[in-house]
Amino acid sequence: MPLLFPHEDPSDVRSRYKPEVIKGDMDSVREDVLGFYANLGTEVVDESQDQDTTDLHKCIEYIRDFTSDIDKSNICILVAGALGGRFDHEIGNINVLCRFSSMRIILLSDDCLIHLLPRTHCHEIHIQPSVEGPHCGLVPIGMPSKSTTTTGLQWDLDNMEMSFGGLISTSNIVKEEKITVRSDSDLLWTISIKKQ
Amino acid sequence: MELMSHSSAFLLPTIPPDHRPSLTYALVVLNQRLPRFTPLLWKHAHLHLCADGGANRVYDEMPLLFPHEDPSDVRSRYKPEVIKGDMDSVREDVLGFYANLGTEVVDESQDQDTTDLHKCIEYIRDFTSDIDKSNICILVAGALGGRFDHEIGNINVLCRFSSMRIILLSDDCLIHLLPRTHCHEIHIQPSVEGPHCGLVPIGMPSKSTTTTGLQWDLDNMEMSFGGLISTSNIVKEEKITVRSDSDLLWTISIKKQ
């Protein structure tokens, strides 16, 4: 965080950007960092006994089950640093989207974002052209899709089958400010984030 | 069921002469930052293709991997045989430079239905005649990271050419397909890869996968998105075996040297 505010005092920046919670199996966080935030009042939740779920999974569960001081009926979880690096980490994060498919969770990197379009709903995606696009894609994660229909894309799908080994929609382009998607299968929506 | 054997010998400084299977390597460079071991891959490969903007990467970044050498020397040494794709990313000056050195430029800008990587794989499969293709293994540098739709499109190329050996590589890890048609032996090179690994049922759930050699082995286990997939696993032995009813992606971390 201090690197993103190069003209400010690092201590000021760190005090301003203090997490409420640090959670996970604690095998990566540095002792000095943990101590610094604990001293400022951050809650440290050590889950090192649970090796069956990823750190992101533990955090989603925490937000879902334990946070009481925010309105959870319309919660959307933004996940920074979810992509890139080790592929097994990345795909594990994508699987968290699928495991918590009734929650709004958005994976973010410098280059793009990903979120789930659950098959239980028709979807309208309102594009913010100043910050995202035009490159986008739709991915049938986990199961082939027998039928997907879209509007608003350069290469719209019309009752199209999608599957790995066959067609998936990548390097597509958003043409309109409202995209609609209807599918028989859970899809990942991904769109590029503009470099400012 | 027939056995298929895998190893990351191409990450070793020298491939042992008795190494089996004996493979011919081809290298495809995509438009992402070059992995730091790209010169090593280049050395092992008999054929070197740049997919469109991958040529920019070789031109700009190979000299950076040899900071004590003259950039022109490095560029002449690392000259691809082919630059292929829809040519919307490669710079004019880069294209001209390699064309002058004899690189074949294959412009596929009329074909917007397939990715640049797909075009390169097809080219290697259909047109290269001066290398032994019976045991070819295609190494793809710069396949991961960046835009997710590019990355997942590259992974789909593995699935579309499931009878070919294609390995996607980044600085951090590699990915390749384990087709359901075979039992698999993966021979780990612990000096260059591991211990973090994973198995991913891409495209279809797996009703039954069985492994040996991992910290958390699977025993006739179901895997699917929304349920269990094997990530943050650890290789325990130098030989991993995998048997599944479904195509799986194998991924393993690459050690920072």
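Can you spot a residue in the range B:59-70 that is buried (at least 18 other Cβ atoms within 10 Å of the Cβ), assigned to a loop (DSSP other than H, G, I, E, B), out of contact with any strand residue (DSSP E or B) (no Cβ under 7 Å at 6 or more places or on another chain) and not polar (S, T, N, Q)?
No; the residues of the range B:59-70 include none that is buried (at least 18 other Cβ atoms within 10 Å of the Cβ), assigned to a loop (DSSP other than H, G, I, E, B), out of contact with any strand residue (DSSP E or B) (no Cβ under 7 Å at 6 or more places or on another chain) and not polar (S, T, N, Q).
To keep it simple, each residue is scored yes or no on (1) more than 7 Å from chain A (Cβ to nearest Cβ); (2) buried (at least 24 other Cβ atoms within 10 Å of the Cβ); (3) more than 16 Å from the chain's Cα centre (by Cα).
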position: B:ARG160; (1), (2), (3): no, no, no
position: B:PRO179; (1), (2), (3): yes, no, no
position: B:GLU185; (1), (2), (3): yes, no, yes
position: B:SER191; (1), (2), (3): yes, no, yes
position: B:THR211; (1), (2), (3): yes, no, yes
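Can you confirm whether the range B:132-148 contains a residue that is farther than 24 Å from A:ARG99 by Cβ, in a loop (DSSP other than H, G, I, E, B), touching a His at 6+ places or on another chain (Cβ under 6 Å) and more than 9 Å from every other protein chain (Cβ to nearest Cβ)?
No: the range B:132-148 contains no residue that is farther than 24 Å from A:ARG99 by Cβ, in a loop (DSSP other than H, G, I, E, B), touching a His at 6+ places or on another chain (Cβ under 6 Å) and more than 9 Å from every other protein chain (Cβ to nearest Cβ).
Looking only at strands (runs of 3 or more DSSP E) that fall completely inside the range A:35-115, which ones have 2 or more residues that are within 14 Å of chain B (Cβ to nearest Cβ)? Walk me through it before giving the result.
Working: elements: A:43-46, A:76-80, A:104-108.
In the range A:35-115, A:104-108 are the strands (runs of 3 or more DSSP E) which contain 2 or more residues that are within 14 Å of chain B (Cβ to nearest Cβ).
Do the conditions hold for A:THR53, that is, is it polar (S, T, N, Q), in contact (Cβ under 8 Å) with a residue 12 or more places away in the chain and more than 28 Å from A:ILE193 (Cα to Cα)? Steps first, answer last, please.
Numbers: polar (S, T, N, Q): yes; in contact (Cβ under 8 Å) with a residue 12 or more places away in the chain: no; more than 28 Å from A:ILE193 (Cα to Cα): yes.
No, not satisfied.
If you go through the range A:149-196 one residue at a time, how many are part of a strand (DSSP E or B) and aromatic (Phe, Trp, Tyr)? Break it down stepwise before answering.
The first filter runs over the range A:149-196 and keeps only residues part of a strand (DSSP E or B), leaving A:149-151, A:153, A:160-162, A:169-174, A:178-183, A:187-193.
Cutting the leftovers down to aromatic (Phe, Trp, Tyr) gives us A:189.
The qualifying residues number 1.
For A:PRO140, all conditions in the list (1) free of Cβ contacts under 8 Å to residues at least 24 places away in the same chain; (2) surrounded by 17 or more Cβ atoms within 10 Å (Cβ to Cβ) hold save one; what is the number of the exception?
Going through the list (1) free of Cβ contacts under 8 Å to residues at least 24 places away in the same chain; (2) surrounded by 17 or more Cβ atoms within 10 Å (Cβ to Cβ), A:PRO140 breaks only (1).
Going by the conditions given, is B:ILE167 under 15 Å from the mean Cα position of the chain (by Cα), part of a strand (DSSP E or B) and surrounded by fewer than 23 Cβ atoms within 10 Å (Cβ to Cβ)?
Answer is yes for this residue.
Got at least one residue in the range B:84-95 being surrounded by fewer than 15 Cβ atoms within 10 Å (Cβ to Cβ), at pLDDT 95 or above and either of a type in the set (A, V, I, L, M) or touching a Ser or Thr at 6+ places or on another chain (Cβ under 8 Å) (or both)?
Checking the range B:84-95: not a single residue is surrounded by fewer than 15 Cβ atoms within 10 Å (Cβ to Cβ), at pLDDT 95 or above and either of a type in the set (A, V, I, L, M) or touching a Ser or Thr at 6+ places or on another chain (Cβ under 8 Å) (or both).
The values are calculated or read from the model by the stated rules, or taken from the named source; none is laboratory data. Everything quoted here is computed from the prediction, not taken from an experiment. Cβ coordinates were reconstructed from backbone atoms using ideal geometry, including for glycine residues, and neighbour counts include every protein chain displayed.
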